[in-house]
Amino acid sequence: MTGRNETSILLIYTGGTIGMVHDPVTGSLIPIDFKLITTHVPELSKFGYDIQAISFDPVKDSSNIDPQVWIRLAEIIEEFYDRFDGFVVLHGTDTMAYTASALSFMLENLRKPVIFTGSQLPIGLLRTDGRENLITAIEIAAARDLGLSLVPEVSIYFDNKLTRGNRTRKYSAEHFDVFKSPNYPPLVEAGIHVKYNTHVIRYPDPDRDLIVRKSFDTNVAILKIFPGISRKLVNAITHTEGLRGLIIETFGSGNAPTYPWFIEELKSYIERGGIIFNVTQCHGGSVEMGVYETSLEMREAGVISGKDITSEAAVTKLMFLLGTCNSREEVEKNLQRSMAGEIS
Ligand code: ASP
């Protein structure tokens with residue numbers, strides 16, 4: 001699809017519900033050849049942009065997307081970075097927040113938009129939410145002022161809102177309003193006008209080049225604390241062979257039981273070289289260790305506060321830091337600072 005002006009967008013289709021149509025013979029849903037996307041969304045040609053599409057082969061349900069795919073996506077963006085003005089990644093909603101978080105850490109000093117979108121209903125259905133999501137994601141990816149992208153971030157567009165990828169979580173398995181960004185305002189709101197909230201968008205240093213880091217260490221775990229949690233369970237997890245980092249999802253503002261055995265298990269894991277990162281299991285808000293006695297001892301034991309990070313950003317950040325840093329100190333230091341706007 002060659003357009004009339006120079007704005008160019010690369011669509012990268014990884015898989016997910018959006019790329020499905022009814023098979024005319026069997027009636028069941030089958031993936032489309034994404035290179036023929038204008039056949040299914042003819043409105044795209046009205047943009048007048050140069051829109052190219054590439055597709056993963058085979059396409060993936062996002063439950064099967066892993067760090068290898070994150071690396072592949074970063075490689076594609078790196079390869080075509082100079083050729084396109086913006087990138088729109090079509091991805092299943094189930095793990096979209098993880099992939100967007102991972103990419104936000106991998107693509108340092110990003111100057112072009114990388115917008116993830118998808119849909120709850122396949123693009124081939126009359127009531128699909130995919131058409132609007134795709135069209136507006138492309139419009140935002142193409143938006144520039146004085147040659148600079150208006151939203152040079154890794155973000156998620158769904159149901160009239162563009163939110164920062166590493167702040168976003170899948171919230172509903174039912175509604176078109178799938179995602180929420182509980183601790184950070186939307187970067188863009190689409191109504192009659194498309195409103196760019198420039199005061200909350202991150203802008204890179206225009207003179208620095210993109211740096212792509214492509215290494216992850218998956219020796220991490222998430223332990224959700226619950227009333228009645230047993231020592232046997234905590235002991236088994238913290239003794240998992242090779243485990244380098246443990247995220248604990250705690251109550252409220254970062255609280256956990258004060259049973260002496262619980263603190264002992266955490267302390268012993270940290271003494272053996274493990275890193276523990278404390279995130280809240282609440283949907284919004286922040287960990288504030290030390291506010292209650294139920295988190296004070298964890299802080300004294302060396303547990304690191306995840307502040308208002310999402311679990312999705314926490315697990316991808318931990319894997320990324322363990323894969324790219326040279327020392328434990330470096331991992332710990334970076335966990336506590338915002339690398340890509342993921343914590344306040
Ligand atoms: N299971 C699908 C996926 O995440 C759902 C979707 O496409 O939204 O790939």
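The values are calculated or read from the model by the stated rules, or taken from the named source; none is laboratory data. Keep in mind it's a predicted model, so treat the numbers as computed, not measured. Cβ sites come from the backbone with ideal geometry, for glycine too, and all protein chains shown count toward neighbours. Note: accessible area is taken over every heavy atom of the protein model, side chains too, but ligands, DNA and RNA are not part of it. Shrake-Rupley method; radii C 1.70, N 1.55, O 1.52, S 1.80 Å.
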Might you let me know whether region 285-302 holds any residue that is under 30 Å from Ile77 (Cβ atoms) and open to solvent by 10 Å² or more (accessible area, probe 1.4 Å)? no
Expected single match for modelled with pLDDT under 95, under 18 Å from Ile140 (Cα atoms) and touching a helix residue (DSSP H, G or I) at 6+ places or on another chain (Cβ under 9 Å) among Phe56, Phe34, Phe47 is Phe47
Looking at region 71-110 only, could you name the residues that are within 24 Å of Phe179 (Cβ to Cβ), of a type in the set (Phe, Trp, Tyr) and away from the ligand (no atom under 15 Å from the Cβ)? Phe87, Phe105
Residues of region 102-111 satisfying the condition of being buried (at least 22 other Cβ atoms within 10 Å of the Cβ) and not hydrophobic (A, V, I, L, M, F, W, C): Ser104
Is it true that Ser45 is surrounded by 18 or more Cβ atoms within 10 Å (Cβ to Cβ) and farther than 15 Å from Ser119 by Cα? no
Cβ-Cβ below 7 Å, separation at least six or inter-chain, first residue in region 267-278 and buried (at least 22 other Cβ atoms within 10 Å of the Cβ), second charged (D, E, K, R): which pairs? Ile275/Arg244; Ile275/Arg328; Ile275/Glu332
Every residue in region 310-321 that is among the hydrophobic types (A, V, I, L, M, F, W, C) and open to solvent by less than 10 Å² (accessible area, probe 1.4 Å), please. Ala313, Ala314, Leu318, Phe320, Leu321
For residues that are among the charged types (D, E, K, R) and over 23 Å from His199 (Cα atoms), tally how many sit in region 122-173. 5
All positions within region 22-55 that are under 19 Å from Thr7 (Cβ atoms) and among the acidic types (Asp, Glu): Glu43, Asp50
Please indicate, with yes or no, whether at least one residue in region 10-17 is more than 16 Å from the ligand (Cβ to nearest atom), surrounded by fewer than 17 Cβ atoms within 10 Å (Cβ to Cβ) and not in a helix (DSSP H, G or I). no
Being under 21 Å from Ala173 (Cβ atoms), within 16 Å of the ligand (Cβ to nearest atom) and of a type in the set (A, V, I, L, M) is the requirement here; does Ile30 meet it? no
If Gly130 passes every condition in (1) open to solvent by 40 Å² or more (accessible area, probe 1.4 Å); (2) within 16 Å of the ligand (Cβ to nearest atom) but one, which one does it miss? (1)
Which of the residues that make up region 113-126 are open to solvent by 30 Å² or more (accessible area, probe 1.4 Å) and more than 15 Å from the ligand (Cβ to nearest atom)? Leu126
Output the strands (runs of 3 or more DSSP E) that fall wholly within region 37-138 and possess 1 or more residues being under 17 Å from the mean Cα position of the chain (by Cα), or say none. 86-90, 114-117
Residue list for region 53-70, filter: away from the ligand (no atom under 16 Å from the Cβ) and surrounded by 18 or more Cβ atoms within 10 Å (Cβ to Cβ): Ala53, Pro67
Has region 148-155 got any residue that is more than 29 Å from Ser344 (Cβ to Cβ) and among the polar types (S, T, N, Q)? no
Of all the strands (runs of 3 or more DSSP E) wholly in region 146-257, which have at least 2 residues that are modelled with pLDDT of 95 or more and either in contact with a helix residue (DSSP H, G or I) (Cβ under 8 Å, 6 or more places away or on another chain) or within 16 Å of the ligand (Cβ to nearest atom) (or both)? 154-158, 161-164, 188-190, 220-224, 245-250
